[in-house]
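Undergrad: Here's a structure for you.
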Amino acid sequence: MTGPSWVDVPPGSSYPLQHLPYGVFSVHSSSGGEAPRCGVRIGDHVLDLSRVSVPHGADFAHGSLNAFMARGRSAWTAVRARVTELLTEPSFRDSVEAHLYPVAEVTLSLPWQVADYVDFYSSEQHARNVGAIFRPDAPDLPAAWKHLPIGYHGRAGTVVVSGTPVVRPCGQRKPAGAEEPDFGPSRRLDIEAEVGFVVGVPSVQGTRVTADAFADHVFGVVLLDDWSARDIQAWEYVPLGPFLGKSFATSVSAWVTPLDALAAARVAAVPQDPEPLPYLADRDPWALDLAIEVELDGEVVSRPPFASMYWTPGQQLAHLTVNGASLRTGDLFASGTVSGPERGERGSFLELSWGGREPLVLSGGRSVTFLEDGDTVVLRAYAPGADGTRIGLGEVAGTVLPAVG
């Protein structure tokens, strides 16, 4: 049981003492020019880790968590314990309180430098929905789907922090019934509600990382929106898979939730049949009870359940390194779209509108298939925390801007 904090944390806050997610911030200043540095969030405040006495304090004086993430689990545990001590022991209040800043008075940045980005396809219900939409006369699942975590290599340079506007992408599209493709702004802009995993400890190229080593390499978890241009994607993806339909923007939360904050959210993994090959054995799976919300222009339209994911993040990690591909500090790999069996649990508008054929009707009467210019999508996720608390992963928000040119 963790003792109470001397910080005033609002009741029901997503950021109680049991959470303490990491981020990168700079304080608003009329003079400008203040360099970003690393902090942890508690309630409606962020603690400047570069100005208080914590292990590896020099790591936090920069605008990236990478140096700290590379140190590994013993350092992560030590810093979390020390921050908890600083925020609970009254004797530290005078020296620490001056380095707490209201979140409303800071600017948040992308918390780490993204090295590589891989996106998986690990929700069975999502895969079946997509199969039924696009291949109604064929099996819902690809032949390999229950044998390996299918994924694609994304574009690290277009991973952006929550709140960054998303410009509608342009590309080639081949409308139904047309003989030739045309070029222009995507008419089927979509989101994918996902969970991302941030790698701290690298691996040596030519070696493998086992699923059981997940917690030794992965620093923390972020909420993630894999923006998708479905019409561009549909024309380009055969035979090599997604490219321009996915690479224009991927939004992540400004706060990275450490794995230690999610210990109470762990649940049994989904049974797998057939039994995976031995290299995918996960004897300590990090299946998580995360309740996700998808909000369009202020209205919650879906609540995808992350606990239903078929492939675990440990199995994803094992698969992406089984050929000897190395991990680097800052690598990001994502779960793939999270979808449950009910319509109100689907994690994309492709599924919510069943390929545009069954529009979603909002409470105000608006009929929605895909996203329009000016739409704002917000993702949120909640999980059980220690001591009976509930924590919330940092939200992911993005507003669609018109195409350029």
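No value in this document is a laboratory result; all are computed from the given coordinates. Keep in mind that what you see is a predicted model, and the values were worked out from it rather than measured. Neighbour counts run over all protein chains shown; Cβ positions are idealised from the backbone, glycine included.
Undergrad: Considering all projection directions equally, how large on average is the shadow of the alpha-carbon convex hull of the chain, in square nanometres? Could you put the intermediate results ahead of the total?
TA: On the way: hull surface 85.7 nm².
Mean orientational projected area (the chain, Cα hull): 21.4 nm².
Undergrad: Here is a further query. Determine, for Lys146, Lys246, the number of other Cβ atoms within 10 Å of each Cβ, and report the residues in order from fewest to most.
TA: On the way: Lys146 15, Lys246 25.
Fewest-to-most ranking of Lys146, Lys246: Lys146, Lys246.
Undergrad: With axes computed from alpha carbons, what is the tilt in degrees of helix 73-88 against the longest principal axis of the chain, rounded to the nearest 10 within 0 to 90?
TA: With both axes taken from Cα atoms, the answer is about 60 degrees.
Undergrad: Go through the stretch 141-151 residue by residue and turn each phi into a ³J(HN,Hα) via Karplus (6.51, -1.76, 1.60, θ = phi - 60°); whole Hz please, and just put x for glycine and proline.
TA: Once θ is set to phi - 60°, the couplings for the stretch 141-151 become 9, x, 4, 7, 4, 8, 10, 7, x, 6, x Hz.
Undergrad: Sticking with this one: Modelling each spin label as a point 7 Å along the Cα-to-Cβ direction, I'd like the Leu240/Ala144 distance in nm, to one decimal.
TA: In this crude label model, Leu240 to Ala144 measures out at 1.6 nm.
Undergrad: Something else now. Could you tell me the extents of the stretch 1-116's C-alpha atoms along the three principal axes, largest first, rounded to whole Å?
TA: Over the stretch 1-116, Cα extents along the principal axes are 38, 37, 26 Å.
Undergrad: With r defined as the distance between the Cβ atoms of Arg93 and Val204 and R0 fixed at 51 Å, what FRET efficiency is calculated, to the nearest 0.05?
TA: Values: r = 45 Å, r/R0 = 0.88.
Efficiency, from the Cβ-Cβ distance: 0.70.
Undergrad: So which GluC sites (Glu not before Pro) in the stretch 141-211 are both in a DSSP loop and have at most 10 other Cβ atoms within 10 Å of their Cβ?
TA: Details: sites: Glu179, Glu192, Glu194; in loops: Glu179, Glu192.
Answer by residue number: Glu179.
Undergrad: Quick one: which residues, 5+ away or cross-chain, put their amide H under 5 Å from the amide H of Val160? H built at 1.01 Å from N.
TA: Correct list: Thr250, Ser251, Val252.
Undergrad: Hey, what do the phi angles of the stretch 253-262 turn into as Karplus ³J(HN,Hα) couplings, whole Hz, using 6.51/-1.76/1.60 and θ = phi - 60°, x for Gly and Pro?
TA: Those phi angles translate into 5, 7, 10, 9, 7, x, 4, 4, 6, 10 Hz.
Undergrad: Would you mind putting 267-280, 348-361, 5-18 in packing order, based on average other-beta-carbon counts within 10 Å, highest first?
TA: Details: 267-280: 12.6, 348-361: 18.9, 5-18: 17.2.
Ranked from most to least packed, the peptides come out as 348-361, 5-18, 267-280.
Undergrad: Just name one of Leu360, Ser109, Gln315: the one whose Cα is farthest towards the positive end of the charge dipole of the chain (beta-carbon charges, Lys/Arg +1, Asp/Glu -1).
TA: Gln315
Undergrad: At 7 Å along Cα-to-Cβ for each site, give me the label-to-label distance between Tyr152 and Glu342 in nm.
TA: Modelled inter-label distance: 3.1 nm.
Undergrad: Give the distance, in whole Å, between the Cα centre of the stretch 117-150 and the Cα centre of the stretch 305-332.
TA: Cα centroid of the stretch 117-150 versus Cα centroid of the stretch 305-332: 17 Å apart.
Undergrad: Calculate for the chain the 222 nm mean residue ellipticity that helices alone would give, adding -39,500 (n - 2.57) per DSSP H run of length 4 or more and normalising by residue count, nearest 500 deg cm²/dmol. Each step should come with its number before you reach the end.
TA: On the way: 8 runs with 59 residues, N = 405.
Using -39500 (n - 2.57) per qualifying helix, the result is -3500 deg cm²/dmol.
Undergrad: Further, regarding this structure: Label points 7 Å out from Cα along the Cβ direction at Val27 and Leu401: separation in nm?
TA: 3.0
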